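Notes follow once the structure below has been shown.
The values are calculated or read from the model by the stated rules, or taken from the named source; none is laboratory data. Please read these numbers as outputs of a predicted model, since none were measured by experiment. For neighbour counting, all protein chains shown are included, and Cβ atoms are generated from backbone atoms with ideal geometry for every residue, glycine included. The area values use the complete protein model at the heavy-atom level, side chains included, leaving out ligands, DNA and RNA. Shrake-Rupley method; radii C 1.70, N 1.55, O 1.52, S 1.80 Å.
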2 protein chains.
Amino acid sequence: MNDKKKGLSFEELCTFLQQKGFVYGPEPEIYGGIAGFYTYGPLGKRLKNNVENTIRKVFTKYDFWEVECPTVMPAIVWKASGHLEGFTDPVVICTKCKAQYRADKLIKEKKFKCQNCGTQLPGETRQQNLMMKTTIGTDTESYNRPETATTTYLPFLRYTKHFRDKLPFGIFQIGKAYRNEISPRQFIIRMREFTQAEGQYFINPEDKNNFEQYEKVKNNEYNFYTAKIQEEEKEAEKTTLDKALSKKHIGTKAYAWTLAVAQELFTQMGIPKEKIRFRQHKKDEKAFYASDAWDLEINTNALGWEEFCGIHDRTDYDLKQHEKHSGKELIMNTEKGKVKPHILEIAFGTDRTLYAITDNAYTDDLQRGNKVLKFTPWMAPVQIGVFPLVNKLEEKAEEVYEILKKDFNAVYDRSGSIGRRYARADEQGIPHCITIDFETLDKKDATIRDRDSTEQIRIPLTEINKTIQELTTGQKTWKEVTKGKTVIKQEEKKGSSR
Amino acid sequence: MNDKKKGLSFEELCTFLQQKGFVYGPEPEIYGGIAGFYTYGPLGKRLKNNVENTIRKVFTKYDFWEVECPTVMPAIVWKASGHLEGFTDPVVICTKCKAQYRADKLIKEKKFKCQNCGTQLPGETRQQNLMMKTTIGTDTESYNRPETATTTYLPFLRYTKHFRDKLPFGIFQIGKAYRNEISPRQFIIRMREFTQAEGQYFINPEDKNNFEQYEKVKNNEYNFYTAKIQEEEKEAEKTTLDKALSKKHIGTKAYAWTLAVAQELFTQMGIPKEKIRFRQHKKDEKAFYASDAWDLEINTNALGWEEFCGIHDRTDYDLKQHEKHSGKELIMNTEKGKVKPHILEIAFGTDRTLYAITDNAYTDDLQRGNKVLKFTPWMAPVQIGVFPLVNKLEEKAEEVYEILKKDFNAVYDRSGSIGRRYARADEQGIPHCITIDFETLDKKDATIRDRDSTEQIRIPLTEINKTIQELTTGQKTWKEVTKGKTVIKQEEKKGSSR
């Protein structure tokens with residue numbers, strides 16, 4: 001019974017997320033707003049924290065260590081990285097009204113007149129750099145970073161000390177990046193200020209096919225959408241990493257492993273693996289530095305297949321660039337001698353990821369008459385709701401709430417009918433709610449209600465924390481919790497949540 | 001037995017933090033570095049995450065909700081907030097070599113000659129704005145935010161919907177802010193890019209002395225360093241909030257409560273309450289908008305008393321300013337009618353807080369012959385170290401490590417003598433280490449060693465996770481864990497950790 005549909009309206013979902021306290025903007029709203037800037041509201045920020053903490057958990061599991069680098073760096077850094085020269089969009093400016101357009105979009109959409117005043121285009125054209133320029137001190141030309149990765153590479157020599165000259169090692173960073181898009185659209189899919197997450201795995205190039213961790217993942221199956229399949233306009237092929245490697249779709253064992261890590265990041269956040277595929281870069285889109293290059297794509301309900309993560313073998317390109325521009329030798333003295341490591345990169349945006357999670361969770365349940373955000377329990381911004389059936393029961397309900405609040409993100413809701421409160425909880429994606437009724441006072445138990453099935457059981461108050469713990473961490477499913485108990489199915493109620 | 005001393009060298013601590021992978025910089029180091037920009041390395045970032053998660057925990061306990069707002073906003077926002085006009089430093093520029101100095105510092109330090117070329121000062125003087133200017137799109141004058149608070153206020157009308165027009169409510173934000181200091185010094189104490197944390201409590205002005213939460217904290221004692229005591233050059237006075245209120249040191253119950261929340265933030269991170277005092281702003285330093293205004297100060301080992309947090313009753317100043325500049329009415333329709341709430345603010349830097357934590361934890365243990373970072377267990381970047389006594393025992397040790405790694409930030413260390421590994425763990429502040437020895441194979445137990453006391457006991461392998469859990473969360477102290485067990489005191493060993 002999956003009542004989610006392909007063809008979910010992107011606008012409907014965005015409006016819903018704005019109204020329910022997930023994402024506000026474009027900011028500053030009270031001053032009219034500027035495209036590409038958003039605020040995460042109370043629920044959205046909690047969801048974003050859960051996204052980022054899941055990233056931390058998965059990367060840490062694979063021995064990556066987190067760092068936090070500056071977001072503003074001087075021009076020399078961006079000269080070395082290639083952004084100062086190459087990070088540009090071609091812009092067409094209307095000669096009459098000065099409206100600006102991205103030249104490639106105009107050509108693609110076959111629009112040759114100004115959308116604003118009707119003047120024939122192209123007028124003036126030029127390359128616009130997408131970095132936000134600023135100044136450090138009084139005169140040091142600097143930029144808000146257009147990506148986090150470059151700043152991650154800078155302390156390379158420091159990392160070699162931390163890891164005591166041993167390869168391989170992994171570093172990751174989660175932080176802000178800025179792209180001065182000419183006309184940002186698509187809500188949190190394409191922002192001017194956004195959060196990037198990236199893992200960088202430093203490895204001796206000689207060890208890329210001598211890589212122990214590969215053995216654990218080589219028989220996992222993934223959906224491969226190779227360049228050849230794309231040309232033939234066929235469907236992605238499900239196959240193991242080992243087969244993909246033997247067919248030479250993938251160059252090395254170490255790179256194959258990074259694909260496994262990348263997919264785990266997204267499945268841990270609740271994206272079903274059936275909705276994920278790896279798309280190989282075609283020859284004409286491959287960055288000049290990248291050897292293996294695939295995108296992780298997710299089949300969203302509103303936008304179809306979209307890119308959500310890039311996985312690249314960047315070789316020693318970046319270290320060489322910074323070596324050239326800084327004059328510092330960027331090598332390691334390992335047991336095997338001097339090595340300039342290769343870098344395998346997993347890079348993605350957490351805003352866009354948050355979008356994918358809500359797109360996957362959003363369900364218009366016609367039977368209930370309200371929307372439901374079916375988040376995986378550990379991703380939900382609020383884990384538990386506590387409701388007194390009537391106001392007389394507030395004292396007991398508050399007592400239960402105070403205990404739950406110590407261990408979980410909990411909310412207390414006393415306004416409106418229980419049906420309305422359940423609907424409100426559904427819209428916030430709260431996986432489970434506790435209702436305190438008159439029986440609670442005698443029997444010391446309460447009703448716990450499951451968001452997805454709307455089923456209810458009674459559980460002793462003393463077991464609530466343990467049960468919620470098990471459900472939230474995924475140790476137990478709702479089915480396992482209800483086994484052998486009397487299950488009541490919630491009466492269907494119509495009505496909005498407010 | 002406290003072997004920490006007043007008079008800890010600030011430079012010694014900074015060098016230690018750089019060498020041990022806590023803080024690198026100034027960045028970009030390989031390009032020479034620019035004052036005021038730092039990278040948190042593998043250990044420092046974990047510590048910073050623990051700082052930020054503790055802030056989340058404490059604010060959430062008091063029902064504040066987190067948001068994340070943009071870090072770049074257009075000029076109109078900073079005009080309304082007053083930063084465009086008022087956020088400046090007076091600068092003196094040497095007429096000959098163009099070196100720049102902060103005028104107020106020159107006067108204070110009685111330096112009237114250029115430190116660089118000896119020319120008589122002042123030469124040219126001017127007001128320099130401390131915001132980093134940038135551009136959104138092609139022509140929208142914008143700034144990297146100089147503080148987070150202004151961006152927190154902007155979605156006020158959105159919050160009113162989220163909280164369904166009920167007062168009071170709390171919002172907090174943790175994020176980057178930028179101050180283009182003329183000559184930043186003092187490591188992570190005064191940075192050009194830093195992280196701010198602030199809680200904003202929106203309250204009906206009529207309810208500031210009708211505030212239930214106050215009752216729970218009113219008898220707590222705090223160190224008050226009033227304006228009067230400062231004038232009289234006496235010591236801070238320990239007194240309850242209730243007495244401070246009745247003596248009119250503090251204006252309202254709600255504001256008194258924010259002092260309690262502020263102190264809890266820092267004590268939760270391991271700063272002893274004896275090292276904390278509240279210093280009242282003197283009349284001449286009070287911001288024009290602030291009614292009650294105190295700083296939370298910490299008595300650091302290296303720098304003495306320093307300001308770490310500001311607690312201000314900002315009244316309705318900010319909402320009025322944004323109302324005036326945006327033309328939007330910023331009020332709430334509460335049950336009591338239309339209200340423009342007052343805002344109580346708790347604002348501090350997480351970098352500076354991280355400094356305070358390391359300053360408090362850093363101990364030069366002469367007996368052991370190495371430095372020890374005595375972090376509170378839940379703040380430690382790494383919670384547990386696992387060591388095989390000899391290489392033959394690696395298999396067993398790795399097995400134990402893999403199990404611990406699922407629940408804790410763990411490290412595995414196999415190089416050097418056990419004494420050296422303990423020393424290395426001390427320097428990273430790891431509270432407890434497990435050593436796998438030959439007895440482990442027969443008896444299925446291992447040695448657990450306590451960082452602060454260097455005491456060791458043997459515990460069954462099956463109890464390690466539970467014991468570490470209890471020690472890390474503070475449920476049990478080392479004394480409680482060792483009760484009734486045979487305690488071995490570690491032999492004193494000399495030698496460095498590497």
Selection from the range B:319-369 of residues of a type in the set (K, R) and assigned to a helix (DSSP H, G or I) yields B:K320, B:K324, B:R352
Restricting the range B:375-390 to residues that are of a type in the set (A, V, I, L, M) and open to solvent by 30 Å² or more (accessible area, probe 1.4 Å), the one farthest from the chain's Cα centre (by Cα) turns out to be B:V390
How many residues does the range A:175-185 hold that are in a loop (DSSP other than H, G, I, E, B) and buried (at least 23 other Cβ atoms within 10 Å of the Cβ)? 1
Given the criterion charged (D, E, K, R), open to solvent by less than 10 Å² (accessible area, probe 1.4 Å) and in contact (Cβ under 8 Å) with a residue 24 or more places away in the chain, identify the matching residue among B:E147, B:E141, B:E198. B:E198
Go through the range B:297-318 and give me each residue that's of a type in the set (A, V, I, L, M, F, W, C) and either part of a helix (DSSP H, G or I) or more than 30 Å from B:R158 (Cβ to Cβ) (or both). B:I298, B:A302, B:L303, B:W305, B:F308
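Take the conditions assigned to a strand (DSSP E or B) and of a type in the set (D, E) and apply them to B:E215. Does it pass?
So B:E215 fails the test.
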Quick one: which residue in A:I171, A:I188 is within 14 Å of chain B (Cβ to nearest Cβ), part of a helix (DSSP H, G or I), of a type in the set (A, V, I, L, M) and buried (at least 21 other Cβ atoms within 10 Å of the Cβ)? A:I188
Checking A:N209 against (1) open to solvent by less than 20 Å² (accessible area, probe 1.4 Å); (2) more than 14 Å from chain B (Cβ to nearest Cβ); (3) farther than 24 Å from A:V67 by Cα: exactly one of these is not met. Which one? (1)
Of all residues in the range A:71-114, count the ones that are touching a Cys at 6+ places or on another chain (Cβ under 7 Å), within 14 Å of chain B (Cβ to nearest Cβ) and either among the aliphatic types (A, V, I, L, M) or open to solvent by 20 Å² or more (accessible area, probe 1.4 Å) (or both). 2
What's the number of the only condition in (1) within 26 Å of the chain's Cα centre (by Cα); (2) in contact (Cβ under 8 Å) with a residue 60 or more places away in the chain; (3) under 20 Å from A:D318 (Cα atoms) that A:F187 fails to meet? (3)
For the range A:305-315, state whether one or more residues are crowded, with 21+ Cβ neighbours inside 10 Å and within 14 Å of chain B (Cβ to nearest Cβ). no
Could you run through the range A:15-39 and say how many residues are closer than 19 Å to B:F163 by Cα, open to solvent by 40 Å² or more (accessible area, probe 1.4 Å) and facing chain B (nearest Cβ under 9 Å)? 3
Selection status of A:N223, surrounded by fewer than 23 Cβ atoms within 10 Å (Cβ to Cβ) and either more than 30 Å from A:P26 (Cα to Cα) or within 14 Å of another protein chain (Cβ to nearest Cβ) (or both): yes
The range A:64-132: helices (runs of 4 or more DSSP H) wholly inside it with 2 or more residues that are within 30 Å of B:Y178 (Cβ to Cβ) and free of Cβ contacts under 8 Å to residues at least 40 places away in the same chain are A:83-86
Could you check, for the range B:117-131, whether at least one of its residues is at the interface with chain A (Cβ under 8 Å from one of its Cβ atoms) and open to solvent by less than 30 Å² (accessible area, probe 1.4 Å)? yes
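Here is a yes/no grid of residues against (1) among the β-branched types (V, I, T); (2) closer than 22 Å to B:S142 by Cβ; (3) in a helix (DSSP H, G or I):
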residue	(1), (2), (3)
A:C14	no, no, yes
A:Q18	no, no, yes
A:G21	no, no, no
A:E27	no, yes, no
A:F59	no, no, yes
Enumeration of residues in the range B:56-70 that are open to solvent by 30 Å² or more (accessible area, probe 1.4 Å) and β-branched (V, I, T): B:T60
Looking at this structure, is A:F10 more than 12 Å from chain B (Cβ to nearest Cβ) and among the hydrophobic types (A, V, I, L, M, F, W, C)? yes
From the set of residues in the range A:391-444 that are within 14 Å of another protein chain (Cβ to nearest Cβ) and in a strand (DSSP E or B), which is surrounded by the fewest Cβ atoms within 10 Å (Cβ to Cβ)? A:Y412
Does B:L344 meet the test of being hydrophobic (A, V, I, L, M, F, W, C) and in contact with a helix residue (DSSP H, G or I) (Cβ under 8 Å, 6 or more places away or on another chain)? yes
Which of the residues spanning the range A:252-301 are modelled with pLDDT under 95 and either open to solvent by 40 Å² or more (accessible area, probe 1.4 Å) or touching a Phe, Trp or Tyr at 6+ places or on another chain (Cβ under 6 Å) (or both)? A:K282, A:K283, A:D284, A:E285, A:K286, A:F288, A:Y289, A:S291, A:D292
Residues of the range A:109-136 being within 35 Å of the chain's Cα centre (by Cα) and at positive phi, in sequence order, are A:K110
Going by what's in this entry, would B:T240 be described as open to solvent by less than 50 Å² (accessible area, probe 1.4 Å), more than 20 Å from B:Y317 (Cβ to Cβ) and touching an Asp or Glu at 6+ places or on another chain (Cβ under 9 Å)? yes
For the range A:157-168, enumerate the residues that are of a type in the set (F, W, Y) and either at the interface with chain B (Cβ under 8 Å from one of its Cβ atoms) or touching a residue at least 24 places away in the same chain (Cβ under 8 Å) (or both). A:Y159
So which residues in the range A:210-237 are in contact with a Leu (Cβ under 7 Å, 6 or more places away or on another chain) and among the charged types (D, E, K, R), if there are any at all? A:K218
Given the conditions (1) free of Cβ contacts under 8 Å to residues at least 60 places away in the same chain; (2) surrounded by 14 or more Cβ atoms within 10 Å (Cβ to Cβ); (3) within 28 Å of A:Q18 (Cβ to Cβ), every one holds for A:T454 apart from (1)
